[in-house]
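Below is one structure. I have some questions about it.
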Amino acid sequence: MNDLLRYKDIILYRILAGLKSEARKNYLGYLWFILEPLLATGVFYFAMTHLTGQRGPTAVLTILVGMTAWQWFEGSVMLSANSIVAKFHVHMQVPLPKYIFPMVDVGTNTVRFGFSFVLIILACWLLVAGPSLALPWLALVLALQFVFIISLSLAVSILVTLFSDLLLLLNSIFRLLFFGSGIFFTVDKVPEHLLPYFYANPIAVFIDSYREIILFQRAPNLILLGEAALTTAKILVISGCIQYYFDKRLLKLTNV
Amino acid sequence: MSDLLVKLDDVGVYYRGGKSRKRSPNPPEQPWALRHLSFEIRKGEKLGIVGRNGCGKSTLLRLLAGIISPDEGKITYSSNNLHIQLLALGVGFEGHLSGAENAVLSGLFMGKSRRYMEQHLGAIQEFAELGDAFHLPVNTYSSGMNARLGFSIGLQTDPDVFLIDEVLGVGDHGFLVKSQAALQQKFKSDTTVILISHDATTINSICNRAVWLQNGAILADGVPGDVCRLYETNTS
C-alpha cells in the first residue's frame, strides 16, 4: 500500500516535472499549452472554412473533435511505446514497476489533450450549441477513453521493448485505425454492413459519443459504450498480465 | 537468527537478451550469470563481494535490489518493507529541472516519500556544496556538480541495506575525501552495506566479511583477509 502511494507520487511528480521541463525550454513557457492548440485549431478552422469553402462551424468542429480525441489516443500510445526504452537506465538502477513511465507519458499527453479539448468545447458553445444536460456523460466517455489508452499503453510499452520491430508495425496499425475511426466522416457515411466492424473499434465509439454530447446535446449510445467498455476491460486484463509477468524479467530478456 | 535480512537459496539467473534472440526452451543451455548461489546477509554486516569483470557481481546487486527476479532458487527477505538500495549517481536526472527538484524525483525513485525528500533537501544541498546552484537547472551543472548532487542524494536515502558498486567517492580531491569519509561512516554505523569491487585491497580494508565470486558461483566466503588472499593468488 505504501508502495502504491509512492508510485502515485512518482507518476504525479514526473508528470508535473515533465510539463515544467517542457515549459522551461521555450520562451513563452506555459503559454504554449494554450497557444499551441489554439494555433492548430485556428489554422485548421481557417483551412476548412476558407479553402474548401462551404462548411459551417458544425462541420469543422465535428472533424476537430474527432482529430483531438484521436491525437490523445495515438500520441499517448506512441509515446508510451518508447517509455521503458527511454528510461532503461533508471530501471537498471532502481526496482520500479514497469508501468510507471508509460503512465507518466500518458498523463503528460492527457494534460496537453485537456487544454485542446477545453478550447474545442468552448468553441462549440460559442459557435454551435451551448452547454446541455448531456454534459455529465462527457466525464464517463473521457474516463473510458482514458482507461482504454492506459490499457493499450501498458501492453505496448512492454511489447515494443521486447520486439522493437513492433514499433514499425504499430505505425501502420495506427494509420489503419485512423481511417477507420470516423475522424473525417460521421457514422451515417459508413455502409450498413460495415457498421459492426466500425463500432468494434472503441475509438470510433468514443469520437461518435463526444460529437453526440457536445455538438448535438444528446446522450451517447450506451449499448455501444458498454461494448467499448467491455473491450477496454479485456485489454486491461491482458495488459495487466503482461506487466505482471515481465516486470522483473524484462531486463534479463533484452539489452536496449 | 533474528538478525537475518536476506537469504539466498540455490539462486540462479540467466540472460536471454543480447547476443542471440533465439529462445531455447531448456534454460540450462543458456549463459547463467549466477548459478547455485546460497548465502545469507545479516543486519549490520559489511559484506564485500570481490571478483573479476563479468563474474556476476552486478547481476547479484540487481537481484538483491529486486530489479530482476531469480530464474531458479529463492530469495527470502526478512520483511516486505526491507529497503535495499543501490547507491546510484543521479538516477534519471531531468536537465531542465533544478537540483532540488531532481533530488526529490531521484529520491522518489529510490524508495523515499516526497515529504522525506523535501525534509532532507537542506542536508543534500549542504553536502553537495552546490550553494545557490541547487535551485538552477541541472543542465547548467558541470559533470562534477552532477556527481556531487547524485552522491548526496544517494547518501540521504538511508536504506536498510546499501549496495555499492565500485563507486567509493566522487568529484574533485576535496569532495572525494569528503564522500569517502561519508561512506566510511556508513561502514562504521550499523547500516548493512554490500560493496562490490574487483579490488581486493578496498574490500579487505573496510569489510568484515568477503565473498569471492567467479563465473556466477561463490568460490570462497569468510574473513576478508583469507578470501582476498585466495582471490589475489588465484587471479594474478
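Considering only segment B:45-83, state which residues are touching a Lys or Arg at 6+ places or on another chain (Cβ under 7 Å), at the interface with another protein chain (Cβ under 10 Å from one of its Cβ atoms) and crowded, with 19+ Cβ neighbours inside 10 Å.
Scanning segment B:45-83 gives a single hit, B:Ile68.
Output the residues belonging to segment B:158-171 that are modelled with pLDDT of 80 or more and assigned to a loop (DSSP other than H, G, I, E, B). Talk me through it step by step, then tell me what you get.
Initially, segment B:158-171 is screened for residues modelled with pLDDT of 80 or more, giving B:158-165.
Matches in segment B:158-171: B:Asp158, B:Pro159, B:Asp160.
Considering every residue within segment A:18-33, establish whether at least one is away from chain B (no Cβ under 14 Å), touching a Phe, Trp or Tyr at 6+ places or on another chain (Cβ under 6 Å) and among the aliphatic types (A, V, I, L, M).
No, segment A:18-33 has no match at all.
Sticking with this structure for a sec: For segment A:118-137, check the following and say yes or no: at least one residue is surrounded by 21 or more Cβ atoms within 10 Å (Cβ to Cβ) and under 20 Å from the mean Cα position of the chain (by Cα).
So in segment A:118-137, the residues surrounded by 21 or more Cβ atoms within 10 Å (Cβ to Cβ) come out as A:124.
Still in the list and also under 20 Å from the mean Cα position of the chain (by Cα): none.
The answer is no, given that none of the residues of segment A:118-137 is surrounded by 21 or more Cβ atoms within 10 Å (Cβ to Cβ) and under 20 Å from the mean Cα position of the chain (by Cα).
Considering only residues that are closer than 22 Å to B:Asp158 by Cβ and assigned to a loop (DSSP other than H, G, I, E, B), which ones fall in segment B:38-78?
Of everything in segment B:38-78, those that are closer than 22 Å to B:Asp158 by Cβ and assigned to a loop (DSSP other than H, G, I, E, B) turn out to be B:Lys43, B:Gly44, B:Glu45, B:Gly66, B:Ile67, B:Ser78.
Then there's this: Can you list residue pairs whose Cβ atoms sit under 9 Å apart, with the first residue in segment A:239-256 being more than 12 Å from every other protein chain (Cβ to nearest Cβ) and surrounded by 15 or more Cβ atoms within 10 Å (Cβ to Cβ) and the second being in a loop (DSSP other than H, G, I, E, B) and at pLDDT 90 or above? Count only pairs 6 or more apart in sequence or on different chains.
Short answer, once both residue conditions are applied: A:Ser239/A:Tyr99; A:Gln243/A:Pro97; A:Gln243/A:Lys98; A:Gln243/A:Tyr99.
Consider A:Asp165 carefully, then state whether it is surrounded by 18 or more Cβ atoms within 10 Å (Cβ to Cβ) and of a type in the set (Asp, Glu). Can you show your working first?
Working: surrounded by 18 or more Cβ atoms within 10 Å (Cβ to Cβ): no; of a type in the set (Asp, Glu): yes.
No.
With among the aromatic types (Phe, Trp, Tyr), within 30 Å of B:Ile68 (Cα to Cα) and out of contact with any Pro (no Cβ under 6 Å at 6 or more places or on another chain) as the only criterion, which of A:Tyr199, A:Tyr245, A:Tyr210 stands out? I'd like the intermediate steps shown before the answer.
On the way: A:Tyr199 fails: within 30 Å of B:Ile68 (Cα to Cα); A:Tyr210 fails: within 30 Å of B:Ile68 (Cα to Cα).
So the residue among A:Tyr199, A:Tyr245, A:Tyr210 that is among the aromatic types (Phe, Trp, Tyr), within 30 Å of B:Ile68 (Cα to Cα) and out of contact with any Pro (no Cβ under 6 Å at 6 or more places or on another chain) is A:Tyr245.
Now for a separate question. Which of the residues that make up segment B:172-220 are assigned to a loop (DSSP other than H, G, I, E, B), within 17 Å of the chain's Cα centre (by Cα) and over 14 Å from B:Gly44 (Cβ atoms)?
Correct list: B:His198, B:Asp199.
If a residue must be small (Gly, Ala, Ser) and exposed (fewer than 15 other Cβ atoms within 10 Å of the Cβ), how many such residues does segment A:168-218 contain?
Our first condition is that a residue be small (Gly, Ala, Ser); within segment A:168-218, this holds for A:172, A:180-182, A:200, A:204, A:209.
Add one more test, that the residue is exposed (fewer than 15 other Cβ atoms within 10 Å of the Cβ), and what stays is A:172, A:200.
Residues meeting the conditions: 2.
Next up: For segment B:95-149, give me each residue that is without any contact (Cβ under 8 Å) to a residue 24 or more places away in the chain, under 25 Å from B:Arg62 (Cα atoms) and among the polar types (S, T, N, Q).
Within segment B:95-149, just B:Ser113 meets the criteria.
Could you list all residues from segment B:171-205 that are surrounded by fewer than 19 Cβ atoms within 10 Å (Cβ to Cβ) and closer than 18 Å to B:Gly107 by Cβ?
Those that are surrounded by fewer than 19 Cβ atoms within 10 Å (Cβ to Cβ) and closer than 18 Å to B:Gly107 by Cβ: B:Ala182, B:Thr191.
Same structure, new question: Taking helices (runs of 4 or more DSSP H) that do not extend beyond segment B:96-138, which have at least 1 residues that are closer than 21 Å to A:Leu96 by Cβ and within 11 Å of another protein chain (Cβ to nearest Cβ)? Full working, then the answer.
Values: elements: B:99-109, B:114-119, B:121-128.
Filter on segment B:96-138 gives B:99-109, B:114-119.
Can you confirm whether B:Ser189 is at pLDDT below 85, of a type in the set (Gly, Ala, Ser) and out of contact with any strand residue (DSSP E or B) (no Cβ under 8 Å at 6 or more places or on another chain)? Lay out the reasoning, then the answer.
Working: at pLDDT below 85: yes; of a type in the set (Gly, Ala, Ser): yes; out of contact with any strand residue (DSSP E or B) (no Cβ under 8 Å at 6 or more places or on another chain): yes.
So B:Ser189 fits the description; yes.
Can I ask one more? Can you find a residue in segment A:40-53 that is touching a Lys or Arg at 6+ places or on another chain (Cβ under 8 Å) and within 18 Å of A:Phe184 (Cα to Cα)?
Of all residues in segment A:40-53, those touching a Lys or Arg at 6+ places or on another chain (Cβ under 8 Å) come to A:48-49.
Remaining after also requiring within 18 Å of A:Phe184 (Cα to Cα): A:48-49.
Looking through segment A:40-53, at least one residue is touching a Lys or Arg at 6+ places or on another chain (Cβ under 8 Å) and within 18 Å of A:Phe184 (Cα to Cα).
Something else about it: Take A:Val237 and decide whether it is over 30 Å from A:Ile121 (Cβ atoms) and either aliphatic (A, V, I, L, M) or within 18 Å of the chain's Cα centre (by Cα) (or both). Full working, then the answer.
Values: over 30 Å from A:Ile121 (Cβ atoms): yes; either aliphatic (A, V, I, L, M) or within 18 Å of the chain's Cα centre (by Cα) (or both): yes.
In short, yes.
Would you mention how many residues in segment A:172-191 are part of a helix (DSSP H, G or I) and not aliphatic (A, V, I, L, M)?
Within segment A:172-191, the first condition is being part of a helix (DSSP H, G or I), and the residues that meet it are A:172-179, A:187-189.
Now narrow it down to the ones that are not aliphatic (A, V, I, L, M): A:172, A:174-175, A:178-179, A:188-189.
Final tally of qualifying residues: 7.
The values are calculated or read from the model by the stated rules, or taken from the named source; none is laboratory data. As the structure is a computational prediction, the values presented were derived from the model and not from experiment. Quick reminder, even Gly has a Cβ in these numbers, built from the backbone with ideal geometry, and neighbours come from all protein chains shown.
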